[in-house]
Amino acid sequence: MAASLPTLFPTALPRPVLAIHGGAGTIRRAGMTAEMDARYRAALADILADGALRLARGDAAMDVAVEAVRRLEECELFNAGKGAVYTADARHELDACVMDGRDRSAGAVAGVTRVRNPVLAARAVRERSGHVMLIGPAADRFAFEEGLERVEPDWFGTPHRRAQLEQARASAQGQVLDHDGRQAVAEAGAAGASPAGVSPEGGAPSGEGGGPLDDRTKFGTVGAVVRDAAGHLAAATSTGGMTNKRPGRVGDSPIPGAGNYADDRSAAVSCTGTGEAFIRAGAAHEIGALMRIGGLPLAEACARVVFDELPAVGGDGGLIAVDGLGNVWLGFNTEGMYRGWVEAGGVPVVGVYRDE
C-alpha cells in the first residue's frame with residue numbers, strides 16, 4: 001500500500017488546536033458525488049468550527065475533545081454511535097475511550113449497547129467510577145446511574161448498515177473481511193498476519209450512494225485530539241467496531257495506549273485502523289515514548305509508527321496527534337482518511353483523499 005503524504009502543521013508559538021478524524025481506508029474518488037463529498041466535508045467542518053469557538057473561549061482540552069467526538073457519534077455518516085455497524089449476530093457493540101494529558105487519567109467502555117453516547121460514558125468512568133474500563137451491561141448500567149441517555153439497541157442502526165451486514169455475510173462464507181476482501185485471519189485463527197479492521201463499515205446512510213471511502217475497505221472509528229489554551233492535552237476515540245465481527249471482539253479504540261493516549265509530556269493521539277495491529281504495536285503510547293524517551297519531534301514519532309511499526313505487524317490505518325506546542329500531525333498508510341484541524345477562533349481545514 002502506498003504511503004500517504006502525512007499532514008504536519010508546525011507552529012512557532014504555542015496555540016490551542018483541535019484535530020479530528022472519522023476513519024481511514026481505500027479511496028473512492030471516481031464514485032463520489034459532489035453532494036456526498038459536500039456532506040462529509042460539511043460534517044467535519046461544522047464540528048471543527050464548534051471546537052474552534054470552544055477553544056477561543058478557553059474551554060479545557062477534555063471538554064473540547066469529548067464534545068467533538070460526541071458530535072461525531074451523532075452523525076450517521078460515521079461508524080460510532082448513531083450509524084454504528086452490526087456484529088455477526090446483528091447487534092451493536094460500541095467502544096470509547098478518553099484520556100487527560102495532565103495526569104494520564106483515562107476512562108473507557110467496551111461492548112456497550114444502550115448508552116446513546118459511549119464517549120460520555122467513557123468520561124464518566126474516568127471521573128466517577130474509580131476504574132479505567134467498564135464493559136458490557138455493567139458499563140451501560142453505570143452510564144445510566146450517572147444520568148446518561150438510554151436508547152433502545154436498534155437506535156444505532158440504519159438500513160444502510162444492515163445492508164452492509166448482509167453483504168459481509170454473503171462474502172467469504174459469512175466471515176469478517178479484511179481490507180482486501182479476504183477472510184480475516186483473526187476469525188480464522190491463522191497466525192502471522194493482521195486481522196481485519198475493515199469490512200463493510202464506512203460510507204453514507206441509507207438511501208444515499210457510496211461515500212468517498214469504499215464501504216468495504218474503511219476503518220470505522222472517530223476521534224479527537226486537543227491542545228488547550230493552558231497547554232494541556234486530551235484525546236477521545238469512539239467506534240462501532242467492524243461489520244460482522246465476532247460478538248465480544250474489542251479493538252484498539254477503548255484501550256489507553258493502543259488507539260487512544262494523552263500525556264502533556266509528549267502528545268495526544270487518536271488512531272483508526274486494524275485494531276488488533278494497533279494493540280500489538282501499542283501504537284498511541286509508542287508515539288509518546290518515542291517523543292519523551294527517544295527525543296523525537298511529533299512528526300518523526302508519528303511517521304515511524306504509521307509507516308514502520310504498524311506495517312511490521314500488518315497494520316493499516318492512520319492517526320491524528322497534537323503536541324504541547326500545538327503542532328498537529330494527520331497521517332495514514334491507506335488511500336484516504338476523513339480528517340481536519342482548526343486553531344482557536346480559526347477556519348477549519350478538512351481533507352479526505354491522500355493528495356489533499
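Extending 7 Å from the Cα toward the beta-carbon at both R29 and F307 defines two label points whose distance is 2.0 nm. A DSSP coil position with no more than 15 other Cβ atoms inside 10 Å describes none of the chymotrypsin sites (Phe, Trp or Tyr not before Pro) in segment 135-165. Counted residue by residue at 0.36 nm each, then reduced by the alpha carbon distance between them, the extension gain from R292 to R150 reaches 47.1 nm.
Every read-out reported here was derived from the displayed coordinates using simple, explicitly stated rules and does not represent laboratory data. Everything quoted here is computed from the prediction, not taken from an experiment. With ideal geometry, Cβ positions are generated from the backbone for all residues, glycine too; neighbour counts draw on all protein chains shown.
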